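Colleague: Mind looking over this structure? Questions follow.
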Amino acid sequence: SHSPLCPPGIKCGGVLSAPSGNFSSPNFPGLYPYETECMWLIVVAEGSSVLLSFSHFELEYHDACAYDYLQVYNGAARDQGNLLGTFCGHSPPPPFSSAWHVMAVVFRSDRHVAKHGFAAAYRKDACGGQLTGLSGEITSPRYPESYPNDAECRWSIGGAGGGGPLTLVFADFQMEGGQGCGFDYVALFDGPTVTAPRLGRYCGNARPPRTISSTPHLLIIFKSDFNIGGRGFKAHFYSAGECQEVFTTIRGNFSSPQYPNFYPNNLKCQWSIQLLPGYRVKVFFLDMELEGRSSLTGGCDYDHLSAFDGGTENGSLLGRWCGRESLAPVTSRSNRLLLVLHTDRNTAKRGFSISYVGVVPMNVSCTRTDFHIQIPVQSLAHLERKRIYLGTPSCAAQVVGRNFKIHTRFDTCGTESQRRNNTSVIVSTLYIDFSVGDQEDIHQYEVQCEPKRKEASVTLIAGPDPSRLSQAENLVDAQQREGEAMDAREIKSQDTSDIIFISICILAGLLMVIAVVGLVLL
């Protein structure tokens, strides 16, 4: 089968569906032709994986591989989220193991400089290989069936460009046991080779503990002897940092891996926000573009972001989103909130950018004439009382027992009367200043009272979005400019009225002089 992009007469690309096989660049081992593009799609039985290796590799070199290149995709080609790497020059790509039963290879040459090209081989169900994703899953051969005897597999994980330590979690583990794990075992190394420090050697039925590497590389070796097997194991790994984070600060922001570039496929990432008891978490969606809804079910069945109240996925679901949506902020009911991003095997998008702010626990009440605000000191333990004030810094909180308290009359502290929904309400702004050094960080809450019903409410108003804040500043600037223009118009109209007034005075003066002269002459 020759690709339509190939020069006539050159066979190139195609679908490879045998359990194993070889392929190479056109004319190999001779020089490959100019202006050629070939794509090989390797498809093996569902449930199997593909191991791809290169025996020869020589393409034109460029530091960004912009001229001639070879690309390897974990799944169908042309999906940025599946790209395992782009290669050129003389150093061959590492052996790659696919995360599922499809793998694609694309070769492209430009109109200058031809080299000898490459030769590659693949086979299905070979265990081990190079895994470069930010996250992925590995299993023993034939899992969950019994693994074969005399097997040896090596998975080398890392080099994803993330550069962070790797975490490995075993979801299932059942192997032949034995003193010192001498028969069948899984061994973990803190680096790309067996010379790296060993992190553990495991066998039997006990699930190994969660393991975190100290380098961006992890080597996993699985070995079985000549008899007695088991179900084997299933484990998943992820790169800490971009895909697994815990936040404990009063405000923060984070984004999907590689944002604003396309996120990888086959991800499960978690961001956990854990604040002091009493706080709630308010999340602002600054930007979001994930794979869209399923046309069959209308649901977010493919890639999706979910928010859970509390620290685990067992908590109540606050929302599940996909596609391109501009979302209203979401507030947790407790002091913990978990966000989970799932991506499937294909169709990656830009991802998301999110910021959050902790909603300070406070009790706000009012009478017909006064506001009462109370905040537990332990919630703002490191703040001086003058950093908490209503309307103006002169209305700062007092410390009474274990609480910061503000008790103030409606005619002070920057309160103003407004009409909302045909009801008169008293409104003011509570400021809590978390600034440290030059880092300004002032949170604002709108405090509202309906004096007739003696009902008070409080809302966090200054979200933590710098772009939105700068928009607000722009609005203020525009209003100031408008105000200045108003002043200028007023000054101008003042000038003209002054001129008219003076003219009238002069005219009246002249008329009086004429009248007096007339009287004298008569």
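Colleague: Just the residues that are under 15 Å from Thr347 (Cβ atoms) and open to solvent by less than 20 Å² (accessible area, probe 1.4 Å), please, taken from the range 252-275.
Modeller: Ser256, Tyr263, Pro264, Asn265, Leu267
Colleague: Residues in the range 64-86 that are farther than 18 Å from Ile157 by Cα and of a type in the set (A, V, I, L, M, F, W, C): how many?
Modeller: 6
Colleague: Could you tell me whether the range 171-190 includes any residue that is under 27 Å from Leu275 (Cα atoms), outside the structural domain of Gln270 (by the TED database) and modelled with pLDDT under 90? Break it down stepwise before answering.
Modeller: Here is the first cut: in the range 171-190, the residues under 27 Å from Leu275 (Cα atoms) are none.
Checked against the condition, which is being under 27 Å from Leu275 (Cα atoms), outside the structural domain of Gln270 (by the TED database) and modelled with pLDDT under 90, the range 171-190 yields no hits at all.
Colleague: Continuing with the same structure: Can you name every residue in the range 197-230 that is within 32 Å of the chain's Cα centre (by Cα) and open to solvent by 20 Å² or more (accessible area, probe 1.4 Å)?
Modeller: Leu199, Arg207, Pro209, Arg210, Ile212, Ser214, Thr215, Pro216, His217
Colleague: Select from the range 78-92 the residues that are over 24 Å from the mean Cα position of the chain (by Cα) and within 26 Å of Arg350 (Cβ to Cβ) and write down the one among them that is least open to solvent (accessible area, probe 1.4 Å). So that I can check it myself, show each step before the final result.
Modeller: Filtering the range 78-92 down to residues over 24 Å from the mean Cα position of the chain (by Cα) leaves 86-92.
Those still in the list that are within 26 Å of Arg350 (Cβ to Cβ) too: 86-87.
Details: Thr86: 53, Phe87: 37 Å².
Of everything passing the filter in the range 78-92, Phe87 is least open to solvent (accessible area, probe 1.4 Å).
Colleague: Quick test for you: out of Arg350, Arg420, Arg402, pick the one residue that is farther than 29 Å from Leu327 by Cβ and either basic (Lys, Arg) or in contact with a helix residue (DSSP H, G or I) (Cβ under 7 Å, 6 or more places away or on another chain) (or both). If you could, list the steps in order and put the result at the bottom.
Modeller: Numbers: Arg350 fails: farther than 29 Å from Leu327 by Cβ; Arg420 fails: farther than 29 Å from Leu327 by Cβ.
Within the list Arg350, Arg420, Arg402, the selection yields Arg402.
Colleague: Could you tell me which of the residues Arg402, Arg420 is under 20 Å from Lys452 (Cβ atoms) and open to solvent by 70 Å² or more (accessible area, probe 1.4 Å)? Steps first, answer last, please.
Modeller: On the way: Arg402 fails: under 20 Å from Lys452 (Cβ atoms).
Exactly one of Arg402, Arg420 is under 20 Å from Lys452 (Cβ atoms) and open to solvent by 70 Å² or more (accessible area, probe 1.4 Å), namely Arg420.
Colleague: Another question, if that's okay. If the requirement is being touching a Phe, Trp or Tyr at 6+ places or on another chain (Cβ under 9 Å), modelled with pLDDT of 90 or more and within 18 Å of Glu455 (Cβ to Cβ), which of these qualifies: Ile426, Ile388? I'd like the intermediate steps shown before the answer.
Modeller: Details: Ile388 fails: within 18 Å of Glu455 (Cβ to Cβ).
Step by step, each of Ile426, Ile388 is checked, and only Ile426 is touching a Phe, Trp or Tyr at 6+ places or on another chain (Cβ under 9 Å), modelled with pLDDT of 90 or more and within 18 Å of Glu455 (Cβ to Cβ).
Colleague: If Tyr73 satisfies every condition in (1) of a type in the set (Phe, Trp, Tyr); (2) surrounded by fewer than 17 Cβ atoms within 10 Å (Cβ to Cβ); (3) within 21 Å of Gln258 (Cα to Cα) but one, which is the exception?
Modeller: (2)
Colleague: Give the residue, chosen from Phe352, Phe371, that is in the same structural domain as Ser256 (by the TED database), part of a strand (DSSP E or B) and aromatic (Phe, Trp, Tyr).
Modeller: Working: Phe371 fails: in the same structural domain as Ser256 (by the TED database).
Testing whether each residue is in the same structural domain as Ser256 (by the TED database), part of a strand (DSSP E or B) and aromatic (Phe, Trp, Tyr) leaves just Phe352.
Colleague: Check the range 221-234 and report whether any residue there is within 24 Å of Asp344 (Cα to Cα) and not β-branched (Val, Ile, Thr). First the steps, then the outcome.
Modeller: Keep residues of the range 221-234 that are within 24 Å of Asp344 (Cα to Cα), which gives 233-234.
The next check asks that each one be not β-branched (Val, Ile, Thr); those that pass are 233-234.
Within the range 221-234, one or more residues are within 24 Å of Asp344 (Cα to Cα) and not β-branched (Val, Ile, Thr).
Colleague: Look through Pro95, Pro19 and report the one residue that is modelled with pLDDT of 85 or more, surrounded by fewer than 23 Cβ atoms within 10 Å (Cβ to Cβ) and not assigned by the TED database to the domain that holds Leu219.
Modeller: On the way: Pro95 fails: modelled with pLDDT of 85 or more.
Going through Pro95, Pro19 in turn, the sole match is Pro19.
Colleague: Just to be sure, is Leu168 under 29 Å from the mean Cα position of the chain (by Cα) and either in a strand (DSSP E or B) or surrounded by fewer than 20 Cβ atoms within 10 Å (Cβ to Cβ) (or both)?
Modeller: On the way: under 29 Å from the mean Cα position of the chain (by Cα): yes; either in a strand (DSSP E or B) or surrounded by fewer than 20 Cβ atoms within 10 Å (Cβ to Cβ) (or both): yes.
When the stated conditions are applied, Leu168 passes them.
Colleague: Output yes when any residue across the range 53-63 is open to solvent by less than 40 Å² (accessible area, probe 1.4 Å) and either of a type in the set (Gly, Ala, Ser) or in contact with a Ser or Thr (Cβ under 6 Å, 6 or more places away or on another chain) (or both), and no when none is.
Modeller: No, because not a single residue in the range 53-63 is open to solvent by less than 40 Å² (accessible area, probe 1.4 Å) and either of a type in the set (Gly, Ala, Ser) or in contact with a Ser or Thr (Cβ under 6 Å, 6 or more places away or on another chain) (or both).
Colleague: With respect to Gly47, determine if the residue is modelled with pLDDT under 90, assigned to a loop (DSSP other than H, G, I, E, B) and closer than 26 Å to Gln258 by Cα. Quick ask: steps written out before the conclusion?
Modeller: Details: modelled with pLDDT under 90: yes; assigned to a loop (DSSP other than H, G, I, E, B): yes; closer than 26 Å to Gln258 by Cα: no.
Here the answer is no, as Gly47 does not meet what is asked.
Colleague: Another one. So in the range 276-329, with the set limited to residues that are in contact (Cβ under 8 Å) with a residue 24 or more places away in the chain, outside any loop (DSSP other than H, G, I, E, B) and of a type in the set (A, V, I, L, M), which one is most open to solvent (accessible area, probe 1.4 Å)?
Modeller: Checked the range 276-329; the qualifying residue most open to solvent (accessible area, probe 1.4 Å) is Leu286.
The values are calculated or read from the model by the stated rules, or taken from the named source; none is laboratory data. What you see is a predicted model, and the numbers here were worked out from it, not measured in a lab. Ideal geometry is used to build each Cβ from the backbone, glycine not excepted, and the neighbour counts take in all protein chains shown. Calculation scope for accessible area: heavy atoms of the full protein, side chains included, ligands and nucleic acids excluded. Shrake-Rupley method; radii C 1.70, N 1.55, O 1.52, S 1.80 Å.
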